[in-house]
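See structure below.
The values are calculated or read from the model by the stated rules, or taken from the named source; none is laboratory data. Since this is a predicted model, take the numbers as computed values, not measurements. Only protein heavy atoms, including side chains, enter the accessible area calculation; ligands, DNA and RNA are left aside. Shrake-Rupley method; radii C 1.70, N 1.55, O 1.52, S 1.80 Å.
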Amino acid sequence: MDLQYNLAGIDVHKRMLAVVVTNARDTELQFECRRFGTAISELRHLLTWLQDRAVQEVVMESTAQYWRPVWLALEGHCRLHLAQARSNRGPRGRKTDFRDAQRAVSRLLSGDLILSYVPEPEQRCWRTLTRTKYQLTRDRIRLQSQLESLLEECQIKLSSVVSDLLGASGRRMLRALAEAKRIRRSWLSWAINVYVPAMPN
């Protein structure tokens, strides 16, 4: 197996990856090119293909979020770089998938590529956790405001009795209101059936 290759470039798309590998020690870079899909099985094939070529570093470019699964599949197996799309922009009319990947490799080696910061896995988990907690808090506040507005339209002033409509006491009161409404509907239906005579044909 030829082990001269040690640097790869990936142009990431929604359904396709354009991958190039080269020997970073060569003065004139020669690229081997191959296309992969973005399914999990294809990402495993990509990892095996890169490992067979002793790739130590990978630079990828993506203008959307499609780089994330590729990053996760390769993380821990080689050093990864995420290029900002603007810093890897090619001349007008000369944009192709493999050429973009080759350009990313060349600019990474020359130091002209602007890289995006991607936190370590543990830091990403903490970010996700804190952002999820913040989003859930905002959703809870919005839901409480909508409930208060709805109750105000029905001329029910629960907010003057409990400070938190979604707390234990508030939920009990809301449940009692819903149950009372259901009971009233059942009683009204029974009364109509008993006291209202059937209409003649």
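Listing for the model above:
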{"read-out": "Order of exposure, largest accessible area first, which applies to 26, 11 with probe 1.4 Å", "value": "26, 11"}
{"read-out": "Carbon plus sulfur fraction of accessible area for the stretch 5-49, probe 1.4 Å, in percent", "value": "47 percent"}
{"read-out": "Largest to smallest accessible area among 98, 36 [probe 1.4 Å]", "value": "98, 36"}
{"read-out": "³J(HN,Hα), Karplus 6.51/-1.76/1.60, whole Hz, each residue of the stretch 23-29, x for Gly, Pro", "value": "8, 5, 7, 6, 6, 10, 6"}
